[in-house]
Amino acid sequence: MTDAELVAASLNGSVDAYAQLARRWGHRIAAICHSKVRRADVADDLTQETLFRGYRSLNTLTDRDRFGTWLMGIAVRASLDWLKASERKTVVFTALSPDKNVDGVSRSDHVAELEHRDECRRLMREVECLPEDLRQALMLYYYEDMTYRQLGELLGISAATVNARLTKARLILRERLSPSMLEPELTTE
């Protein structure tokens, strides 16, 4: 079914139709939110907020074929609302207590897992520091596994511009995450 057909079914009371729209667009919305707020945990919350706002305001959508673009606009506004909020005190639940679920895992496996998590966190910090246009293209490309043409259509730019943004983002990340940047400097005295 097309987005327009699912919107019509949703407006006629089908909760399942909106659930299909949410599944279809959820990852893209998460990528947009993440690119705006630079925090994965907050992006997940904003994705849910966006989908809720979209459902609640579905009757205001004038062009049902442009549901995705309309929902992405809501995501941008929700992200900007969050960024403008004077107090954002989010505490990640996992930060409240150490991970207790390491029974049966060897120490070396646990250390390797922790190192992998650290590398992933470092990568995400660097991605979150990219300029917004590069960050948005990169996150949509990897969250959604979209082609350059599809990304261009979604963002309103050419496929060549998508390629240029992805190439530039990867180059910046390669420079920032080069092995010399990861290892502490050795000084001789």
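Computed from the coordinates by the stated procedures, all read-outs in this text should not be read as laboratory data. A quick note: this is a predicted structure, and the numbers were derived from the prediction, not measured.
Numbers at a glance
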{"read-out": "For segment 105-180: rounded, prolate or oblate by the Cα gyration tensor [a/c cutoff 1.5]", "value": "prolate"}
{"read-out": "Length added when fully stretched, GLU153-LYS168, from 0.36 nm per residue minus Cα-Cα", "value": "3.4 nm"}
{"read-out": "Inter-part distance where segment 30-56 and segment 60-84 are each reduced to a Cα centre, Å", "value": "11 Å"}
{"read-out": "Whole-Hz ³J(HN,Hα) from phi, Karplus 6.51 cos²θ - 1.76 cosθ + 1.60, for segment 152-165, glycine and proline x", "value": "x, 4, 5, 8, x, 10, 7, 4, 5, 5, 4, 4, 5, 5"}
